[in-house]
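Asks: The structure's right below; bear with me while I get my questions together.
Taken together, the values in this text are just the output of simple stated rules run on the coordinates, not laboratory data. Given the structure is predicted, the values throughout are model-derived calculations rather than measurements. In this analysis, Cβ positions are derived from the backbone assuming ideal geometry, glycine residues included, and neighbour counts consider all displayed protein chains.
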Amino acid sequence: MAGEIRTTKKVFVIGIGAGNLDYVTIQAINALNRVDVFFILDKGQQKSDLARIRKEICERFIEDPAYRWVEVPDPARDTSDPAYMPDVASWREKRAAIYRSLIADELKEGECGAFLVWGDPSLYDGTLPILERILAEGPVVFEYEVIPGISSMQALAARHRIALNRIGEAIQITTGRRLAEGFPNNVDNVVVLLDADMDLQSVPDDIDIYWGAYLGTEDEVLVSGKLKELLTDIEQIRRAKRAEKGWIMDTYLLRRTTPDEEP
Ligand SMILES: C[S@@+](CC[C@H](N)C(=O)[O-])C[C@H]1O[C@@H](n2cnc3c(N)ncnc32)[C@H](O)[C@@H]1O
């Protein structure tokens, strides 16, 4: 077709699971073995632990160690800014600029690059919108493919041996920040990610919690039962673990003990 720009650059966005090397799927392993260059954005203690797990995955699953790493610092986000969305937008802009130059400068024609995404790329991860934005803005051209991974939400459910909902019920997936605005009406099951503060003041009384930190890793902690009885304990575990490791990553399901009646 006239004017069509052809490329032989390929980018994999590979979901690597949320913490356990055994979460890596066969599809991910097949993709990992095609990659020439891995792009890593590094930041702080948490990120260096996560970067180490990414490297372990490559060492364990890639047969020919001829691949290379390109590590760049992750642009810091201003988490003190209460205007959360604008901050995310400017952070994504900075990330887009970094990804664009990585693909333009570090990936040769005919090569495969990869971003290893924690958990699954569909859940609270900016990689896919950023790649779409780069393609829309040009001039960098590449193909990309997405490999799903086991998310923290799935790991949480498996480790607690529960389904995320009871028969026919809705599930809402949200952030700690949004939950602090109020527990959603007409939903019996709420999965919460990205919760720095665990502000559960607005949560009704009749709630069970299924909480998991560092899921899939050797530091994993699981707690489940009545929220009212467990909240203080969970807060204390969070403080202690955060002090010990320097960071915490946790996810939880809140479930109404008595389901809402259908209207
Ligand atoms: C930016 S989101 C990314 C989610 C990821 N894409 C996924 O599929 O799980 C990061 C949040 O995921 C949750 N999370 C990720 N890995 C986790 C783990 N191993 N244990 C507990 N929570 C985890 C935490 O709520 C954390 O704040």
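Asks: If amide H atoms are built 1.01 Å from N in the plane of the peptide, which residues on other chains or at least 5 residues away come under 5 Å of the amide H of MET249?
Replies: Counting only residues 5 or more places away or on other chains, the set is TYR214.
Asks: Still on this structure: Would you mind calculating the relative contact order of region 153-256 from Cα pairs under 8 angstrom and at least 6 residues apart, reporting the percent as a whole number? Intermediate values should be presented prior to the final figure.
Replies: Values: 167 pairs, mean separation 32.6, N = 104.
About 31 percent, as a whole number.
Asks: What ranking do THR8, THR251, THR127 get, fewest neighbouring Cβ atoms within 10 angstrom at the top? Please report the intermediate quantities before stating the final value.
Replies: Working: THR8 12, THR251 24, THR127 21.
Fewest-to-most ranking of THR8, THR251, THR127: THR8, THR127, THR251.
Asks: Using the 10 angstrom Cβ neighbour count as an exposure proxy, how do GLU132, GLU169 rank, fewest first? Write down the numbers at each step before the final one.
Replies: Details: GLU132 12, GLU169 15.
Fewest to most other Cβ atoms nearby, the residues stand as GLU132, GLU169.
Asks: Another question about this same structure. Let me have the relative contact order for region 10-150, percent, based on Cα pairs under 8 Å that are six or more residues apart. Each step should come with its number before you reach the end.
Replies: Numbers: 217 pairs, mean separation 67.0, N = 141.
RCO, region 10-150: 48 percent.
Asks: Something else now. Which whole-number percentage describes the relative contact order of the chain, with Cα contacts under 8 Å and a sequence gap of 6 or more? Let's see the in-between values first.
Replies: Numbers: 439 pairs, mean separation 60.8, N = 263.
This gives 23 percent for the chain.
Asks: Long-range amide H contacts for GLY19: which residues qualify at under 5 Å (H placed 1.01 Å from N, peptide plane, sequence gap of 5 or more or a different chain)?
Replies: It is GLY119, by chain and number.
Asks: Let me ask something additional. Using a Cα distance threshold of under 20 Å, what count of lysine pairs results for the chain when pairs must be 8 or more residues apart or interchain?
Replies: Total qualifying Lys-Lys pairs in the chain comes to 11.
Asks: Taking the mean number of other Cβ atoms within 10 Å as a proxy for protection, how do you rank 14-23, 51-60, 106-115 from highest to lowest? Intermediate results must be reported in sequence, preceding the final value.
Replies: Working: 14-23: 22.2, 51-60: 14.9, 106-115: 18.0.
The densest-packed peptide leads the list: 14-23, 106-115, 51-60.
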